[in-house]
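Have a look at the structure below before the remarks.
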Amino acid sequence: MKGFLASMYIGLQIESNWTKKWVWLLYLAAYPIGSFLTVIILYGVFGQKTGLLPYALYGTIFYYSLSMVFFDMAFSVHDDREHYQTLKYIFLSSTSYRTYLCGRAATRYLIALAGIFINLCWLVPVLRLPFHPNWGYLIAGATLGYLVAAGLGLAVASVFLLTIKLDVDVVDALFGGIFVLSGALFPPTAFPAVFAKIAEFVPLSPFIELMRRAISGKILTSFLSDMSTFQLLGRVALSAAVLFALGSLLVSFGSRQAQRKGYIDVTTAF
Amino acid sequence: MKKKFLLFLRTLNARAYVRIFGQMREATWVVASVLGGFFTMATYIYLYRTLGTGSEFSGLVVLGGFMTPFFLNVLWGVATQLYWEKEMGNLELMLVSPAPLSAFLVGLSVGGAMHTMLRSLAVLFFGIAVFKVQFTVLHLPSALLVFLVTLFSMYGLGIVFSSLFLYHGRDAWRTADLVMEPTNVLSGSYFPARFLGLGLLGIAALIPTTLGLDALRQLLVPSFTVKVLDWRWELLILIGLGLVFAFIASWALRSVEYKARRDARLTLRWQ
């Protein structure tokens, strides 16, 4: 726990100590805007009659919160090894590498959630979004969502540990694919039938739908509408357990192999 | 004078070579960036299908998907490059060499544009093949001219920003991260820029991609009617923007390099 908290503190320093505190607070509030600006413009101009704006907006911001976790985990391997050249010291410390990654990403997740909260304060009244939060589901969903994203992030981090030339574009491509299929931006019913079916089994889909229902108090489309909110929570819990266990195993394996192969302190200047 | 010019060309060639061939060494880099571009494009095409807009929007999105890698290359491959060179410890070596920094940046832009071209063409190919998008080739020479002028203007803007990044550190990097998505959205990569409204459009027009994409859509998408200006006017504005950016870049690079030397920030890492 001490190592986890220390890693969270390092995460906070990396995220915030590049500027003054008040500038960082503005940055924190402004950063999520890029994630939903397209949604507001496109649904505002073309999709007013569809009534899908709340679906897309909530979906996008909750996807954004998870994306911060897995991008941070994948990128921190590269950043610590190549940029700050501190990966070898992290491995020498008494904290496990998995704990370090989870701590850093937890800070990023909390920062993302804070940014979302700040933006919802104006988005809900201005866009008249349905807002009837079920706090129990929201907190449980947010916690389990972190574990889902951390599991995926740890798996990708293990790949990064074992390669020295892999670019973060791979993470962009991987999670770009998940974003399309997860139904965050539009109901997957727009896809051909096969992809629409696959979308139901993408690990992030139930999380995003759970959070939509938990915050809006409504079922907004027919996507996953045959499942109750409690069933969705169960599915997110199952995904979290499986993915986090798998990610933990992979990152432990990746750490051992990377140490054996001498990849911990390799710099390539790529 | 001739010696200086030759040195400029040799530096340009050397930096462009590394950018073009260095980026081809890893197949995963090419595949990942093409896939990333393709997924983004697919997202917006399916979004438009959900919204029930006309099929011409698929063409707009595919063209946006073609131009987006250039925008990302300008931001992360040119504007931030001097920052990364500083972080890796190469900048001091570059500055003590007789090679001019401006040649290094122009080489980076030429090389970056050429290696991005391959990825953008792949995204365009998959967009056309998978989503059955049709373009007209009647105005292809004009479209090529607009495209090249847009690149000139975009990379000029990239060089302007690179001097800012030379002086600033992580704060500039964070700013680039912050503005990347809104800038990409404002430039109308995935919808006609005219829908931005006059106020936002005035700001967005300073990003060369905005008018460049609008002109390309007029020339290549037959049913595109929601143009900002006639493409000829847009071409003229882009030429003007390119020249202004080139002038500012040359001035900014000199003055920021001087300021960075004076304040001892050229070798300051991890700040």
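About its Cα centre, chain A has a charge dipole of approximately 360 debye under the convention of +1 per Lys or Arg Cβ and -1 per Asp or Glu Cβ, with nothing else charged.
Here the Gaussian network model covers chain B, with springs between Cα atoms less than 10 Å apart; of B:Thr68, B:Thr43, B:Thr209, B:Thr43 fluctuates the most. Largest first and in whole Å, the equivalent-ellipsoid semi-axes of the protein assembly as shown read 36, 32, 21, each the square root of five times a Cα gyration tensor eigenvalue.
Provide the FRET efficiency to the nearest 0.05 for the A:Thr268-A:Arg128 pair, computing r from the beta carbons and using R0 = 45 Å.
Details: r = 51 Å, r/R0 = 1.14.
In this case the efficiency is close to 0.30.
With a/c under 1.5 counting as rounded, go ahead and sort segment A:109-189 into rounded, prolate or oblate using the C-alpha gyration tensor (a ≥ b ≥ c being the square roots of the eigenvalues; past the cut-off, prolate if a/b is larger than b/c, else oblate). Verdict is prolate for segment A:109-189. Segment A:37-108 and segment B:156-229 have their alpha-carbon centroids 24 Å apart.
Derived from the Cα gyration tensor, the three semi-axes of the equivalent ellipsoid of segment B:2-262 are 33, 20, 17 Å, largest first. Just so you know, the averaged projected area of the alpha carbon convex hull for segment B:1-157 sits at 11.3 nm². Simple spin-label estimate for B:Arg265 and A:Thr50 gives 4.4 nm between the two label positions (7 Å along the Cα-to-Cβ direction from each Cα). Over segment A:62-133, the reciprocal of the mean inverse Cα-Cα separation, the Kirkwood hydrodynamic radius, stands at 14.1 Å.
Going by a ≥ b ≥ c, the root eigenvalues of the Cα gyration tensor, does segment B:167-252 fall in the rounded group (a/c under 1.5), the prolate group (a/b larger than b/c) or the oblate group? Verdict is oblate for segment B:167-252.
Classify chain A from the C-alpha gyration tensor, please: rounded if a/c falls under 1.5, else prolate or oblate depending on whether a/b exceeds b/c. It would help to have the intermediate numbers written out before the result.
Working: a/c = 1.93, a/b = 1.58, b/c = 1.22.
Prolate, since a/c reaches 1.5 and a/b exceeds b/c.
Cross-link pairs exceeding 24 Å in C-alpha to C-alpha distance, out of A:Lys88/B:Lys259; A:Lys2/A:Lys88; A:Lys21/A:Lys165; A:Lys165/A:Lys197; A:Lys2/A:Lys261; A:Lys165/A:Lys261, comprise A:Lys88/B:Lys259; A:Lys21/A:Lys165; A:Lys165/A:Lys197; A:Lys2/A:Lys261.
Among A:Gly234, A:Gly177, A:Gly59, the largest mean-square fluctuation in a Gaussian network model of chain A (Cα springs under 10 Å) belongs to A:Gly177. Annotation for B:Leu243 and A:Thr163: the two label points, set 7 Å from Cα along the Cα-Cβ direction, are 4.6 nm apart. Placing pseudo-labels 7 Å out from each Cα toward the beta carbon at A:Phe230 and A:Arg260 gives an inter-label distance of 4.7 nm.
If a spin label sat at a point 7 angstrom from the Cα of A:Met1 along the line to its beta carbon, no backbone N atom of segment A:249-268 would be nearer than 17 Å.
When chain A is treated as a GNM with alpha-carbon contacts under 10 Å, the residue of A:Leu113, A:Leu42, A:Leu52 showing the greatest mean-square fluctuation is A:Leu42. On the beta carbon distance between B:Asp171 and A:Ile198, with R0 = 35 Å, the FRET formula returns roughly 0.25. Give me the number: length gained by fully extending B:Val179 to B:Phe125, i.e. 0.36 nm times residue separation minus the C-alpha to C-alpha distance, one decimal in nm. Extra length available between B:Val179 and B:Phe125 comes to 16.6 nm.
Cβ under 10 Å from B:Ala215's Cβ, B:Ala215 left aside: what net charge do those residues give with Lys, Arg +1 and Asp, Glu -1?
Working: positive: B:Arg217, B:Lys227, B:Arg232; negative: B:Asp214, B:Asp230, B:Glu234.
Residues near B:Ala215 contribute 0 overall.
Add -39500 (n - 2.57) for each DSSP H run of 4 or more in chain A, then divide by its residues: what number comes out at 222 nm, to the nearest 500 deg cm²/dmol? Don't skip to the end; give the middle numbers.
Numbers: 11 runs with 197 residues, N = 270.
Computed mean residue ellipticity for chain A: -24500 deg cm²/dmol.
No lab work stands behind these numbers, since they all come straight from the coordinates. Everything numeric here is computed off the predicted structure, so don't read it as measured data. Cβ: placed from backbone, ideal geometry, glycine included. Neighbour counts: every protein chain shown.
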